[in-house]
Amino acid sequence: MADSSLKAIRMQVMWNRLIAVVEEQAQALLRTAFGHVAREAGDLSAGVYDVDGRMLAQAVTGTPGHVNTMAAAVGHFMHRFPLASMKPGDVFVTNDPWLGTGHLFDFVVVTPAFVEGRPVALFASTCHMVDVGGIGFSADANSVFEEGTLIPHLRLRSAAGLNEDVLGIIAANSRNPVEIRGDILSLVSCNDVGVARLTGMMAEFELTSIDELAAYIIDNSREATREAIRRMPRGSYAAEMSLDGYDAPISLKAEMTVGDGEITVDYAGSSPASNFGINSPKCYTDAYTVFGLKCAIAPAVPNNAGSLEPFKVLAEPGSIVDPKRPSPVTARHVVGQMLPDMAFGCLAQALPDAVPAESAGSIWVLAMASAHERMGDPRFANASRFNVMNVGLGGVGARPGKDGLSTTAFPSGVGTIPVEITEDQSPLVFWRKEYLPDSGGPGMHRGGLGQAIEIANGEEAPFTISAATFDRMRFPPRGRDGGRPGRVGIARLASGTALATKATHVVPAGDRLIVELPGGGGLGDPKNRARDRIDADIAAGLVTREGAKRDYGME
Amino acid sequence: MADAKPFRLAVDIGGTFTDVVLEGPTGRVTTKVLTTPAAPEEGVIEGIGIVLKRAGAGAEAISLFIHGTTLATNALIERKGARTAFVTTAGLRDILEMGYEKRFEQYDFYMDKPEPLVPRPLRLPVRERISARGQALLRLHAEDLHRAAAVMRAADVQAVAIGFIHSYAHSEHERKAREELARLLPPSVTICISSEVCPEIREYERFSTTCANAYVRPMMAGYLTRLRQRLDSMGLKAPLFLMMSGGGLTTLDHATRFPIRLVESGPAGGVILAGQIARECGLPAALAFDMGGTTAKICLLDDGEPERARRFEVARIYRDLKGSGLPVRIPVVEMVEIGAGGGSIARVDAMKRITVGPDSAGADPGPACYGRGGQSPTVTDANVALGRIDPQHFAGGRIALDAGKADAALSGDIGLKLSLSEHWPAAGVSEIVEENMANAARVHAIERGKVIDRYTMVAFGGGAPLHAGRLAEKLGIGRVLVPVGAGVGSAIGFLRAPIAYEVVRSWRVPLASLDLGEGNRLLAGLREEAHRVVAAGAGEAPLSETRLVDVRYVGQGHELPMALPNRALGADDLPDLRRRFEERYRQIYGLALPQMAVEIVTWSVTVSTALPAAERIPAPTQRTAARPIGRRRVYEPALGELVEMAVYSRPDLAPGAALDGPAAIVEDETTTIVPASFAATINRRGDIVMETRHGR
């Protein structure tokens, strides 16, 4: 009794410790990263894996598109570099979209940890780079070859030191060579922090292997997840969704089958891969589908190989959710980040009153750059050159019993970048960043509001904006159970011209860019919304009087 | 002739207790009275009365009164501040509510973001615009201020925060707006501007800090004014200084203008005490471990000095998660605080794991063993079940504990769910809370590039001495010190604090293109402002100065604080700064990036009175075996079972007394557990010094 009790408590203590170790790893990355999207918005992840490549723990800081793709990526590394070939000091790298996290912008770095000369675990981390060459952050490419430089699985460091050849190639192919080098070294050093912490923990607990702990974590998490699934009614449930796409609308189809402690989602029937960079590689499709399922079914179970195991995702090779090389994939989140809503669409039938309405979904990456240099206009000879990113976030769908969150990333785990930071790094001026009244889908519970962002170049020179990730401009986030859709997104110039989805546009000198992010869908019949909630929304200006009359029948 | 005013007084108002310490020629008198939230001055006055009576002194014999309080923190947590309006740049009024636009808990789609302190109808837009370079792109529209004032008058607003974009770079619009609004609003309305409260880049954090300051200001100003009147009328004319979260003292007048700087003043006091002990005992590296009823605080001090930070989160609404509170950018002592205290509630989660906290049973209903209706098992219940706390002598015997109720709660909520019996549920709760604290301490050390097992732990607050030994074992720490008066450690620390003030400004400039003249002008301005504040309270006392810049590689978002010399910068200082930055960076992150440009982001100057001289306390020359007063069965984690151990009475232990673990040393306010792996002696200060018997 005493021995087994002590052992169970010890296992729990070590599990908590492992989660703390990877959080340290992620914090080290956040503090040393260079790209704004990584360091301000938090577009990064970190995790630890056992010697079979199974994810044991992920950092709290991070985003699902990274975390769950990395869960598979480490296995791919180990296929190329078998465990037996790894040596202390080794670090491996890739940005292969199919073997990493879904597009060239994310570099994945893997570092094995050794104790007494034997590999005991692996650490992996990833973050979004500022620039990887090619045509830049855009969906305009027709193949991955145009999208930038692909680094296959390579050894980035050995006991002898860094492989400067690899770093040199990466830097030489980036518009921001200094930052990309710095960011890759940040990944290396955060993994080192993780390795040092793990080996220290193993010394403290007098362990030479964590295999027993790994089995404990994975078995417990798998069983807890299966248990949660077993509480759901078995059967098959289907959902469909239309997205704007690049040149033509996209149709997504899913069929979810709840079996004995396991769930399969099959995307058969979804659109074929696009000729433009909005395809979601299978690893990314898996990541966000499972994220959606997990949120609704077993949110409290820590994310690891065990809790992911009961979920299977199927797709037709060559479809938009399983594109094959060399399909372009830069803006893969346009499709990938809509997949939790597909999961919720299926789950709504199995678990009524337990899932939210649809959300704005895909984050709108506001990739903006100076345009005068390529236009060669002598009037702007002294204008500043810049290449910056900000993030536009729309509304989250209304939740059972609650309104949706306004202007908040979901399912992505990133956040916004402060206006003052972007303005400090460029001549841009954000004249407006404000809630968009009436944009939240009407319902008993209202969808979260989108926002209006209005940007000018303070030097009155032209600048470009990539609309690569702008979606739900035609097909809005839908409501559920009688709730109505959120408002569609809009991109336009202040002078009036509407900007088409996905392409790259020039904002002419003196004009302003206006983006209006989609609102989340509503939940339940708007007629059933409490009167005092409607009054409060009117008083706060979140719903206009006309909107209240039109959407809620208020006189 | 004896000093006519030989006494110094310190009062720390906490959530449950108000701690009072009076130091004078005959030594120290302390008391704890219940906090009186509706009129906190009542508890303060009551406590002062008690200590004066016990010291046989009159109010006029007090030369100095130092005060810290959690009132501002509690007002923010409980949302009991003033009705506040926020006047901001047109087009950007929702920044305050949008926040980071990020979910701090990925998997919980029911999570909510913290409500802003100012609701949307009172966030009032004004047309104006300053660029990132500090130029006016759009003039300040006075007519918008008139419209805003009308709204504020109609809503009977008591406080106004003004926050314009890029005001850290150019504050003229904010100042003009304040002048104009002061004319348009009743004189009782408080007005704060962001360029004074927090002149730093990142609009959400600056606006949040300014609104929080305005929100607590009327209440704090009212309280401090009433307190001053009560003190005057009882003849306590001594100057009153307030403890700030950064570890310095400030004047009543200044505290009334920037009350947000008073949050976390209690924990800061404890850190100062730890610093004093570190200097007196010659500890180059000290870890302050403070554990009370609701939270545990851990802070690292090198050469008696803690690190300082400028960002803090108040009123977290969702477990202890970063991001779930309101950010405030103020000078704070760098520490980690987690929801792990005596009242922290233990339960079993879906994974059949024991979790502890961060929610607390507080004082009411309190732990199950209090017998006041609390049903959930807490850390205190576990300590009773493990024999660490003697139920008959808790809080000096003032609160009788019911061990049966502790056992019942532990067995019902933990034991049955995990099939654990006997002492195992309690052992699990204790191990988990200790592991949580150890993890927090470890992460905190790593984030600062420190090696934790080189530190000596200084444990104070009612709960810390119970857990300090085990925590030290987990952290590999070989020495633990439990100071005299551990139960009121924060208030004792107040009496050791310097009068100090820090002034901060954002000015981002690469080292390579820094204009030394401009840098020196900026530093001189900061210095003058800080001197003005400190001189108001310090009189003729000699002042010291610290200049810091926050430095990073160009393109990064996080900085490392680096010291500058206390003189005008010369050309040689910049390469030296770079060299020191890279050394520090390598220490924390393993590698430096010599190809990258380095920039300064923020500049600050701190002016401070000198710390009281620390006299090195020599080690006792003679050791005598201490005599136990009894024996009882207490849990010994290394063995996993309850063992018979000796019990000592702390007041009986004179300097030089020595004893071996396992042992329990009891006193009115707490109990120190000496694990089997430690031995303890009493030093000349009267502190318990536990040292590992296995060597380090």
* Failed item, numbered, when B:Ala441 is tested on (1) away from chain A (no Cβ under 14 Å); (2) in contact (Cβ under 8 Å) with a residue 40 or more places away in the chain; (3) under 31 Å from the mean Cα position of the chain (by Cα) -> (1)
* Asked: Just checking, how many residues over the range B:662-686 are within 16 Å of B:Ala625 (Cα to Cα) and assigned to a loop (DSSP other than H, G, I, E, B)?
  -> 4
* **Selected residue [modelled with pLDDT under 95, more than 14 Å from chain A (Cβ to nearest Cβ) and more than 20 Å from B:Ala664 (Cα to Cα)] from B:Asp359, B:Asp349** => B:Asp359
* Asked: Out of all the residues in the range B:50-63, is one or more of a type in the set (D, E, K, R), touching a strand residue (DSSP E or B) at 6+ places or on another chain (Cβ under 8 Å), more than 10 Å from chain A (Cβ to nearest Cβ) and crowded, with 23+ Cβ neighbours inside 10 Å?
  -> no
* Which condition number in (1) touching a helix residue (DSSP H, G or I) at 6+ places or on another chain (Cβ under 6 Å); (2) more than 30 Å from A:Ala354 (Cα to Cα) is the one that A:Asn191 fails? -> (1)
* Restricting attention to the range B:408-418, which residues are over 33 Å from the mean Cα position of the chain (by Cα) and over 17 Å from B:Glu431 (Cα atoms)? -> B:Ala408, B:Gly412, B:Leu416, B:Lys417
* Give the residue, chosen from B:Leu475, B:Leu495, B:Leu471, B:Leu466, that is within 14 Å of chain A (Cβ to nearest Cβ) and in contact with a Lys or Arg (Cβ under 8 Å, 6 or more places away or on another chain). => B:Leu475
* Asked: Restricting attention to the range A:19-31, does a residue exist that is farther than 30 Å from A:Pro177 by Cβ, facing chain B (nearest Cβ under 8 Å) and of a type outside the set (Gly, Ala, Ser)?
  -> yes
* To do: Run down B:Leu659, B:Leu611, B:Leu639 and say which single residue is out of contact with any Ser or Thr (no Cβ under 7 Å at 6 or more places or on another chain), farther than 26 Å from B:Gly493 by Cβ and in a loop (DSSP other than H, G, I, E, B).
  => B:Leu639
* To do: Considering each of B:Met351, B:Met291 in turn, give the residue that is of a type outside the set (Asp, Glu) and either in contact with a strand residue (DSSP E or B) (Cβ under 9 Å, 6 or more places away or on another chain) or closer than 29 Å to B:Asp453 by Cβ (or both).
  => B:Met291
* To do: Identify all residues within the range B:64-98 that are closer than 30 Å to B:Glu23 by Cα, among the hydrophobic types (A, V, I, L, M, F, W, C) and crowded, with 18+ Cβ neighbours inside 10 Å; write none if there are none.
  => B:Phe65, B:Ile66, B:Leu71, B:Ala72
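Going by the structure shown, is A:Ala348 surrounded by fewer than 23 Cβ atoms within 10 Å (Cβ to Cβ) and either aromatic (Phe, Trp, Tyr) or not assigned by TED's automatic domain parsing to the domain that holds A:Arg484 (or both)?
yes
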* Can you find a residue in the range B:130-151 that is within 12 Å of another protein chain (Cβ to nearest Cβ), touching a strand residue (DSSP E or B) at 6+ places or on another chain (Cβ under 8 Å), crowded, with 17+ Cβ neighbours inside 10 Å and not small (Gly, Ala, Ser)? -> yes
* Identify all residues within the range B:225-258 that are crowded, with 18+ Cβ neighbours inside 10 Å, part of a helix (DSSP H, G or I) and either at pLDDT 95 or above or small (Gly, Ala, Ser) (or both); write none if there are none. => B:Leu227, B:Leu231, B:Ala255
* Since A:Asp353 meets every condition but one in (1) surrounded by fewer than 18 Cβ atoms within 10 Å (Cβ to Cβ); (2) in contact (Cβ under 8 Å) with a residue 40 or more places away in the chain; (3) within 12 Å of A:Lys282 (Cβ to Cβ), which condition does it not meet? -> (3)
* Structure fact -> Screening B:Glu540, B:Glu518 for residues that are under 30 Å from the mean Cα position of the chain (by Cα) and either charged (D, E, K, R) or in the same structural domain as B:Leu242 (by TED's automatic domain parsing) (or both) leaves only B:Glu540
* **All positions within the range A:184-230 that are among the small types (Gly, Ala, Ser), surrounded by fewer than 17 Cβ atoms within 10 Å (Cβ to Cβ) and either outside the structural domain of A:Ile170 (by TED's automatic domain parsing) or not in a helix (DSSP H, G or I) (or both)** => A:Ser209, A:Ala215
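Table: residues versus (1) on the phi > 0 side of the Ramachandran plot; (2) among the acidic types (Asp, Glu); (3) at the interface with chain B (Cβ under 8 Å from one of its Cβ atoms).
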| site | (1), (2), (3) |
| --- | --- |
| A:Leu393 | no, no, yes |
| A:Gly397 | no, no, no |
| A:Ala409 | no, no, yes |
| A:Ile421 | no, no, yes |
| A:Trp431 | no, no, yes |
| A:Tyr435 | no, no, yes |
| A:Asp438 | yes, yes, no |
| A:Gly450 | no, no, no |
| A:Pro462 | no, no, no |
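Consider B:Ala340 carefully, then state whether it is modelled with pLDDT of 90 or more, of a type outside the set (Val, Ile, Thr) and crowded, with 23+ Cβ neighbours inside 10 Å.
When the stated conditions are applied, B:Ala340 does not pass them.
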* Within the range A:379-389, identify whether any single residue is at the interface with chain B (Cβ under 9 Å from one of its Cβ atoms), polar (S, T, N, Q) and in contact with a strand residue (DSSP E or B) (Cβ under 9 Å, 6 or more places away or on another chain), and answer yes or no. => no
* To do: Taking the residues in the range A:88-131 that are part of a loop (DSSP other than H, G, I, E, B) and either more than 18 Å from the chain's Cα centre (by Cα) or assigned by TED's automatic domain parsing to the domain that holds A:Gly277 (or both) as candidates, determine which candidate is surrounded by the fewest Cβ atoms within 10 Å (Cβ to Cβ).
  => A:Gly117
* Asked: Counting only residues that are at pLDDT 90 or above and not aliphatic (A, V, I, L, M), which one in the range A:347-379 is nearest to A:Glu454 (Cα to Cα)?
  -> A:Trp364
* Within the range B:192-201, restricting attention to residues that are within 13 Å of another protein chain (Cβ to nearest Cβ) and touching a residue at least 60 places away in the same chain (Cβ under 8 Å), which residue is nearest to B:Glu172 (Cα to Cα)? -> B:Pro199
* Scope the range A:68-87; condition out of contact with any strand residue (DSSP E or B) (no Cβ under 7 Å at 6 or more places or on another chain) and either crowded, with 24+ Cβ neighbours inside 10 Å or part of a strand (DSSP E or B) (or both); matching residues -> A:Asn68, A:Thr69
* **Failed criterion for B:Pro594 (all others in (1) surrounded by fewer than 18 Cβ atoms within 10 Å (Cβ to Cβ); (2) assigned to a loop (DSSP other than H, G, I, E, B); (3) outside the structural domain of B:Gly539 (by TED's automatic domain parsing) hold)** => (3)
* **Unique residue being under 30 Å from B:Ser344 (Cα atoms), in contact with an Asp or Glu (Cβ under 7 Å, 6 or more places away or on another chain), surrounded by fewer than 20 Cβ atoms within 10 Å (Cβ to Cβ) and not basic (Lys, Arg) when the list is B:Gly487, B:Gly476** => B:Gly476
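The values are calculated or read from the model by the stated rules, or taken from the named source; none is laboratory data. Nothing here was measured: the structure is a model prediction, and the numbers come from that model. A quick note on method: Cβ atoms are made from the backbone with ideal geometry, for glycine too, and the neighbour counts reach across all protein chains shown.
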